[in-house]
Amino acid sequence: MREMGKYMERQDKELAWMLQFENIAWYEDGIVRILDRRIYPIEVRFCECRTYKEVAGAIADMVTQSAGPYVAAAMGMALAAYECRGQGAAEQLQFLTEAAAAIAHARPTTSKRMQSITSSCIDIAQKALEEGKSDVSQNIKKHAIEMNNMRYHRIGMAAKYLADKFPDKGNIMTQCFAETMVGQMLKEARKQNKDIKIFCPETRPYFQGSRLTASVAYDMGFDVTVITDNMPAAVMKNEGIDIFTSAADVICGDGHVVNKVGTYQIAIAAKAHEIPYYVTGAPDKGHPHVDTVKIEMRSPEFVLQAMGTPTANQKVKAYYPAFDITPPELVTGVITDTGILSPFELDKYLVTEENFLV
């Protein structure tokens with residue numbers, strides 16, 4: 001498992017526990033184990049999926065979030081291959097095509113990126129079937145690991161550009177859970193001897209900021225403070241925030257950033273306090289402009305509770321868009337693996353073999 005194709009070393013080295021490949025989503029012996037991020041770190045529990053439909057259901061139910069669904073999608077395709085092993089090549093490819101559609105569309109806002117992952121798994125399967133293999137699950141699993149390793153490597157390159165923007169001693173505000181970028185930017189900050197403190201808005205209703213981002217920062221030895229979602233502007237003013245940064249679920253070609261709901265208001269507050277906002281990620285080829293994005297609406301009942309505890313009259317109305325859209329004029333720069341771009345010049349992003357898929 002240490003031999004990772006082009007990148008011989010595991011790219012999750014020195015990262016927090018929950019960023020290790022096996023602790024995100026992992027296929028083994030007909031089961032995909034997915035860390036339940038809805039309850040971590042209060043409880044460490046894995047959801048065990050025995051069919052690709054269960055993997056798609058786990059993704060839809062937010063068992064895993066941020067970049068976790070991309071890992072789960074590829075591992076889910078390995079499981080699908082195991083389910084149809086031994087059938088004829090045509091039957092297996094048909095089964096995998098159906099699995100790819102179910103997994104890729106488990107959540108609508110990121111379906112185009114998920115499709116690129118599941119489609120690449122079908123390509124791997126087809127090649128293996130042409131070579132006469134009757135069970136291609138291990139071929140897809142190997143591909144899933146290599147894709148994840150490549151993604152970690154690419155994000156590590158972007159993390160260097162982001163850490164370069166950190167002051168030698170400063171305060172950084174995050175939003176939601178930027179997954180691998182959180183770990184890689186902290187690892188890079190340590191390499192650069194940057195003494196930084198992290199401020200994490202809690203990010204209701206799943207509290208990814210307080211549970212996941214803060215846990216990763218703490219596990220990696222950094223000073224981290226959790227704040228509620230109505231504190232960012234006050235903290236910017238009172239605590240001297242130097243940079244606001246987030247990842248993105250979608251970066252449109254026209255510079256609009258789609259990320260966890262709440263990002264937009266923090267970007268407004270950052271602009272008002274003259275704090276730069278750097279978003280990390282790559283422009284999405286499937287979304288040349290913001291009109292192509294469908295904002296996922298989730299069950300409003302989650303707004304009326306906190307981690308299962310009711311917080312409001314259960315008869316009142318609630319509203320829960322999973323994402324919001326930040327316009328390019330609020331974005332200082334888009335940090336990619338090839339450099340920092342203006343949100344108005346994303347057509348300059350250099351697509352390479354390494355960053356094409358994810």
Checking MET157 against (1) among the aliphatic types (A, V, I, L, M); (2) crowded, with 24+ Cβ neighbours inside 10 Å; (3) part of a helix (DSSP H, G or I): exactly one of these is not met. Which one? (2)
Sole miss for GLY132 among (1) surrounded by fewer than 21 Cβ atoms within 10 Å (Cβ to Cβ); (2) part of a helix (DSSP H, G or I) is condition (2)
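Here's the yes/no breakdown for (1) of a type outside the set (Gly, Ala, Ser); (2) more than 23 Å from the chain's Cα centre (by Cα); (3) in the same structural domain as ALA90 (by TED's automatic domain parsing):
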| position | (1), (2), (3) |
| --- | --- |
| SER134 | no, yes, yes |
| ILE140 | yes, no, yes |
| GLU188 | yes, no, no |
| GLN192 | yes, yes, no |
| CYS200 | yes, no, no |
| GLN208 | yes, no, no |
Looking at GLN65, GLN94, which is the one that is in contact (Cβ under 8 Å) with a residue 40 or more places away in the chain and either over 18 Å from ARG151 (Cα atoms) or not in a helix (DSSP H, G or I) (or both)? GLN65
Somewhere in region 51-69, is a residue in contact with a Phe, Trp or Tyr (Cβ under 7 Å, 6 or more places away or on another chain), at pLDDT 95 or above and of a type in the set (D, E, K, R)? no
Consider region 39-62. How many of its residues are of a type in the set (Phe, Trp, Tyr) and either assigned to a strand (DSSP E or B) or closer than 21 Å to THR180 by Cα (or both)? 2
Evaluation of SER120 against (1) surrounded by 21 or more Cβ atoms within 10 Å (Cβ to Cβ); (2) part of a helix (DSSP H, G or I) (one fails), failing number: (1)
Can you name the number of the only condition in (1) farther than 22 Å from ALA158 by Cα; (2) in contact (Cβ under 8 Å) with a residue 24 or more places away in the chain; (3) touching a Ser or Thr at 6+ places or on another chain (Cβ under 9 Å) that ALA248 fails? (1)
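Residue-wise test of (1) of a type in the set (Val, Ile, Thr); (2) within 29 Å of ASP61 (Cα to Cα); (3) more than 19 Å from the chain's Cα centre (by Cα).
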| site | (1), (2), (3) |
| --- | --- |
| CYS176 | no, yes, no |
| ALA217 | no, yes, no |
| MET231 | no, yes, yes |
| ALA269 | no, no, yes |
Tell me the strands (runs of 3 or more DSSP E) entirely within region 295-354 that contain at least 2 residues that are surrounded by 12 or more Cβ atoms within 10 Å (Cβ to Cβ) and out of contact with any Gly (no Cβ under 7 Å at 6 or more places or on another chain). 323-326, 333-336
Could you check region 28-38 and list, in sequence order, the residues that are in contact (Cβ under 8 Å) with a residue 24 or more places away in the chain and in a loop (DSSP other than H, G, I, E, B)? GLY30, ASP36, ARG37, ARG38
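The values are calculated or read from the model by the stated rules, or taken from the named source; none is laboratory data. Keep in mind it's a predicted model, so treat the numbers as computed, not measured. Every residue, glycine among them, receives a Cβ derived from its backbone with ideal geometry; neighbour counts consider all protein chains shown.
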